[in-house]
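> Before anything else, here's the structure in question.
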Amino acid sequence: MVSDVVLKILDVECSYGAHQVLRGVNLEIPRGAFLGIIGPNAAGKSTLLKTLAATLKPVRGVVFFSGRDLAEFSRQDLAKKISVVPQEPVVGFPFSVLDVVLMGRYPHQKRFSFESKKDFQVAEKAMQLSGCWHLRDRNLLELSGGERQRVVFARALAQEPEVLLLDEPTNHLDLASQLEMLEILRNLNKQGLTIVAVFHDLNLAAQYCDRLLLLHQGKIFAIGKPEEVLKPEIIKKVYQTDVLVVRHPLTGTPQVFLLPGLGEEKTDVPLRLHLVCGGGVGASLIGQLVRKGYTVSAGVLNINDTDWEVAKALGVEVAEEKPFSPIGRQAFVANLELAMKADLIFLLEIPFGKGNLPNLEVLEPLLEAGKRCYLLNPEELPDRDYTEGQAIELVSSFKELGLKFLPDQQAIMRLLEEWGKEEDVLAPAAGERTHSSLYGEQQG
Amino acid sequence: MLRINWYQRLFWSMLLLVFLLFLSVIVCTALGSASVAPAAAFKVLFQWVFGTEDVQTTAAVIVTRIRLPRIVLAFFVGAALSAAGAALQGLLRNPLAEPYTLGVASGAAVGTALTLVIFPGDTFWGILGMPLVAFLGALLTGIFVYRLALVEGHLAVETLILAGVIMNSFMSAVLSFLLTIAGENMHQIIYWMMGNLNLRGSEYLLYTSPYLVVGVIVLCLFGKELNILTFGEETAGQLGVSVERIKKLLLFVATLLTGVAVALAGTIGFIGLIVPHLVRLLLGPDHRVLIPVSAVGGGVFLIWADTLARTLLAPVELPVGVVTAFLGVPFFVYLLRTRKR
């Protein structure tokens, strides 16, 4: 496919009065692209779109359409190339839906002429496509916000443009209609239409756009494929919000999740905790502990596994291993070093196989160093042991060294709460009282 | 609203209106203080049109020399004001916009009053200058209102209406001032301020009708653009309309129509508001239908309003502006109430 540049923005600055909205934007949009513009409120998203539509004249800089300055085009010529779906369509007079869509044919008509047969055909096709053909005789004022959005969309399609600009196209639509609208856009894009759309919803943008442009304070903060732009550290800088970025289980596109507050007070006990986990067993606990204010580290985690993604997203220190690989020497040592720095070590209810047995073996040097180590849910250990008894054997030998047990993850939270109330919490624990009972750990 | 093509709607409604117009001309030439039978009026008109009239009967004189010119004047003034109102409402996306709310009519009124004060009576300059000065007054006020509402190169609809209101108040003050210094012309000015179709001889209409006809035709031709402009200037631009150019042209034409209409017949209110509203209610908002039908409909409306004005309290003649206000206000209230529901 020839990837010529259809729209090019060169050093564009835009302002409303004294208020500068765009500050030096440079951008090339290849023909056939599906570009999503994202960014916080007042980042300049709509302004950028209006600059591309030549609705706003930049104070400085030039916008080129197919190599020609946008300002050189007549409005009529430009309307044959670029059409716009505004965010809030202005509706004043009770025109019928068909009349409104036929207005999209204006740039193709001669002055003072009647609508041609072709105009009607194009309008009908556009209305069929955007799902408003059944509304054709209805009065625009009677329609719902979502229906109006479809009408305005059909009008933009009736212009038969090369580039379609949309400002939050899913704004008034319900869930099913959002999906429908975006699927239509994707199909049009596959047929060669260049699409530039402002999105409020980062996940929809990631799902449908091949490129994302993140605007921040009038400048391009990041541009690239969705996975290159939607990174927790980038989003944190721009939106000032901690988020979790994981992959969509079906499509593999990055999806951004907000982290709701726990509604609890933060702890004032400065404990350092190390979690040995993996496979999603620790994700929720990592989140809880981090937001409680504990310093958390984790290991050994395979890269791209759920626990790894969550830990990375939350800025937790991780000892990591390549995806789906057995734990190697290097990762083992890294894990041990992290654990040695921690006050408490928790071995979560992970299944053990040959590959991750080092995650159990790491307890030995730790216990010998006098570290407090806890194994979760030892009763079901036989069900999780895929090492022909090796894991069970190790655990029983570690009991001698002072390994303690907790029934579940809630017990960890309870334990930590109790901990704050005692004075000598950080005194190194000897192993003497512990092997007799499995669950007698709350009294410390 | 009947779901047929706009040009079918235009054709049938125009056919009906032209029929109504002929009927109105015949009936209204017959009505008046000196009674002429409609059949006789029709006969005179028929003879007059085909040039076979040879006897200067009383009926013929009354019909062709007195009533017909006045009816034609009423038609032109009503058409100009209605078309201008319809265009301004679409252009400014405001159902309240018309020559009066924008202050343009008061500008024209001040221009006309000024000529009446400076050149009292039917002097050469008074006759020649009045439409011109009225138009200039309307244009200057229009430009001033436009400039006042233009903020950073962008014309905001709300500010435009506000600027019109401000200019209206100011022009009323100027008119009151002119009234006080007018002396013996005061009576003439007052009568004219209330709207009167008896002020001008037919030669005035002859000079000014080309402006009115051309102006209304221009407005009719830009119906498609006006339709798109109702969706806002941004959207109109994105749909390929050269917004600034067309907006200026249409504002200029609407101002011209207003200025000339005011110079001919004084300030006649409500026509530019009522007639387009009524037409929109019956035929929909399409300006390609709305403007021509409003023009002809407004003409017929003013013919009947003037006929009422001169027959209701005959031999005393009411200012036609009083009649349009009495007809217009209740209608407007009704419109407002039903639109809310």
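The values are calculated or read from the model by the stated rules, or taken from the named source; none is laboratory data. Quick caveat, the model's predicted, so the values are computed rather than measured. Every residue, glycine among them, receives a Cβ derived from its backbone with ideal geometry; neighbour counts consider all protein chains shown.
> In region A:161-220, which residue that is in a helix (DSSP H, G or I) and small (Gly, Ala, Ser) is surrounded by the fewest Cβ atoms within 10 Å (Cβ to Cβ)?
Our first condition is that a residue be in a helix (DSSP H, G or I); within region A:161-220, this holds for A:175-190, A:202-208.
Filter once more, keeping what is small (Gly, Ala, Ser): A:176-177, A:205-206.
Numbers: A:176: 8, A:177: 16, A:205: 27, A:206: 24.
So, considering only residues that are in a helix (DSSP H, G or I) and small (Gly, Ala, Ser), the one surrounded by the fewest Cβ atoms within 10 Å (Cβ to Cβ) is A:176.
> Under 7 Å between Cβ atoms, at least 6 apart or on separate chains: pull out the pairs that start in region A:61-90 with a residue that is assigned by TED's automatic domain parsing to the domain that holds residue A:51 and end on any residue that is of a type in the set (Asp, Glu) and part of a strand (DSSP E or B).
A:61/A:11; A:61/A:13; A:62/A:69; A:85/A:167; A:86/A:167; A:87/A:167
> If you take the residues in region A:69-116 that are at the interface with chain B (Cβ under 7 Å from one of its Cβ atoms), closer than 15 Å to residue B:230 by Cβ and in contact with a strand residue (DSSP E or B) (Cβ under 8 Å, 6 or more places away or on another chain), which one is surrounded by the most Cβ atoms within 10 Å (Cβ to Cβ)?
A:104
> Sticking with this one: I need the full set of residues from region A:403-435 which are closer than 18 Å to residue A:369 by Cβ and either modelled with pLDDT of 90 or more or acidic (Asp, Glu) (or both), in order please.
A:403, A:404, A:432
> Sticking with this one: With a cut-off of at least 1 residues that are closer than 26 Å to residue A:233 by Cβ and modelled with pLDDT of 90 or more, name the strands (runs of 3 or more DSSP E) lying wholly within region A:266-358. Give the steps one after another, and end with the answer.
Values: elements: A:272-276, A:295-302, A:317-321, A:344-347.
Output list reads A:272-276, A:295-302, A:317-321.
Conditions (1) crowded, with 20+ Cβ neighbours inside 10 Å; (2) free of Cβ contacts under 8 Å to residues at least 12 places away in the same chain; (3) not assigned by TED's automatic domain parsing to the domain that holds residue A:245, marked per residue:
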| residue | (1), (2), (3) |
| --- | --- |
| A:276 | yes, no, yes |
| A:280 | no, no, yes |
| A:292 | no, no, yes |
| A:329 | no, yes, yes |
| A:345 | yes, no, yes |
| A:356 | yes, no, yes |
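> Next up: Of the residues B:77, B:72, B:25, which is among the β-branched types (Val, Ile, Thr) and either touching a Ser or Thr at 6+ places or on another chain (Cβ under 9 Å) or assigned to a loop (DSSP other than H, G, I, E, B) (or both)? Let's see the steps before the verdict.
Details: B:77 fails: either touching a Ser or Thr at 6+ places or on another chain (Cβ under 9 Å) or assigned to a loop (DSSP other than H, G, I, E, B) (or both); B:25 fails: either touching a Ser or Thr at 6+ places or on another chain (Cβ under 9 Å) or assigned to a loop (DSSP other than H, G, I, E, B) (or both).
Matching residue, one of B:77, B:72, B:25: B:72.
> Continuing with the same structure: Go through region A:40-57 and give me each residue that's within 14 Å of another protein chain (Cβ to nearest Cβ) and either surrounded by 14 or more Cβ atoms within 10 Å (Cβ to Cβ) or more than 34 Å from the chain's Cα centre (by Cα) (or both). First the steps, then the outcome.
The initial filter retains those residues of region A:40-57 that are within 14 Å of another protein chain (Cβ to nearest Cβ), namely A:46-47, A:49-57.
Result: A:46, A:47, A:49, A:50, A:51, A:52, A:53, A:54, A:55, A:56.
Quick grid of which residues meet (1) outside any helix (DSSP H, G or I); (2) among the acidic types (Asp, Glu); (3) at pLDDT below 90:
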{"position": "B:268", "(1), (2), (3)": "yes, no, yes"}
{"position": "B:274", "(1), (2), (3)": "no, no, yes"}
{"position": "B:295", "(1), (2), (3)": "no, no, no"}
{"position": "B:299", "(1), (2), (3)": "no, no, no"}
{"position": "B:303", "(1), (2), (3)": "no, no, no"}
{"position": "B:306", "(1), (2), (3)": "no, yes, no"}
{"position": "B:321", "(1), (2), (3)": "no, no, yes"}
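> List every residue pair whose Cβ atoms lie under 7 Å apart, where the two residues are 6 or more positions apart in sequence or sit on different chains, the first residue falls within region A:136-163 and is more than 10 Å from chain B (Cβ to nearest Cβ) and basic (Lys, Arg), and the second residue, located anywhere, is in a loop (DSSP other than H, G, I, E, B) and surrounded by 16 or more Cβ atoms within 10 Å (Cβ to Cβ).
A:148/A:89; A:148/A:91; A:150/A:131; A:150/A:132
> Considering only residues of region B:135-191 that are assigned to a helix (DSSP H, G or I) and of a type in the set (Asp, Glu), which is modelled with the highest pLDDT?
B:184
> If you check residue B:302 against the conditions, is it farther than 17 Å from residue B:92 by Cβ and surrounded by 23 or more Cβ atoms within 10 Å (Cβ to Cβ)?
Details: farther than 17 Å from residue B:92 by Cβ: yes; surrounded by 23 or more Cβ atoms within 10 Å (Cβ to Cβ): yes.
Spelling it out, residue B:302 is indeed farther than 17 Å from residue B:92 by Cβ and surrounded by 23 or more Cβ atoms within 10 Å (Cβ to Cβ).
> Right, another one. Within region B:229-282, work out how many residues are within 14 Å of chain A (Cβ to nearest Cβ) and of a type outside the set (S, T, N, Q). If you could, list the steps in order and put the result at the bottom.
So the first thing to find is which residues in region B:229-282 are within 14 Å of chain A (Cβ to nearest Cβ), and the list is B:229-247, B:249, B:276-277, B:279-282.
Retained after the next criterion (residues that are of a type outside the set (S, T, N, Q)): B:229, B:231-234, B:236-237, B:239-241, B:243-247, B:249, B:276-277, B:279-282.
So the count comes out to 22.
> Looking at region B:212-221 only, could you name the residues that are more than 9 Å from every other protein chain (Cβ to nearest Cβ) and either out of contact with any Leu (no Cβ under 6 Å at 6 or more places or on another chain) or of a type in the set (A, V, I, L, M, F, W, C) (or both)?
Going through region B:212-221, the residues more than 9 Å from every other protein chain (Cβ to nearest Cβ) turn out to be B:212-220.
The answer is B:212, B:213, B:214, B:216, B:217, B:218, B:219, B:220.
> Filter region B:80-127 down to the residues that are part of a helix (DSSP H, G or I), among the polar types (S, T, N, Q) and at pLDDT below 90, then identify the one that is surrounded by the fewest Cβ atoms within 10 Å (Cβ to Cβ).
That would be B:115.
> Within region A:134-157, which residues are more than 26 Å from residue A:82 (Cβ to Cβ), of a type outside the set (D, E, K, R) and touching an Asp or Glu at 6+ places or on another chain (Cβ under 9 Å)? Please lay out each step first, then the result.
In the first step, residues of region A:134-157 are kept if they are more than 26 Å from residue A:82 (Cβ to Cβ); the result is A:134, A:137-139, A:141-142, A:144.
Add one more test, that the residue is of a type outside the set (D, E, K, R), and what stays is A:134, A:139, A:141, A:144.
Of everything in region A:134-157, nothing turns out to be more than 26 Å from residue A:82 (Cβ to Cβ), of a type outside the set (D, E, K, R) and touching an Asp or Glu at 6+ places or on another chain (Cβ under 9 Å).
> Would you confirm, using the coordinates I've provided, whether residue A:296 is without any contact (Cβ under 8 Å) to a residue 40 or more places away in the chain, surrounded by 14 or more Cβ atoms within 10 Å (Cβ to Cβ) and within 30 Å of residue A:389 (Cβ to Cβ)?
Working: without any contact (Cβ under 8 Å) to a residue 40 or more places away in the chain: yes; surrounded by 14 or more Cβ atoms within 10 Å (Cβ to Cβ): yes; within 30 Å of residue A:389 (Cβ to Cβ): no.
No; evaluated as a whole, the condition is false for this residue.
> Okay, next question. If residue B:314 meets every condition in (1) in contact (Cβ under 8 Å) with a residue 60 or more places away in the chain; (2) crowded, with 21+ Cβ neighbours inside 10 Å; (3) small (Gly, Ala, Ser) apart from one, which number is that one?
Just one mismatch for residue B:314, condition (2).
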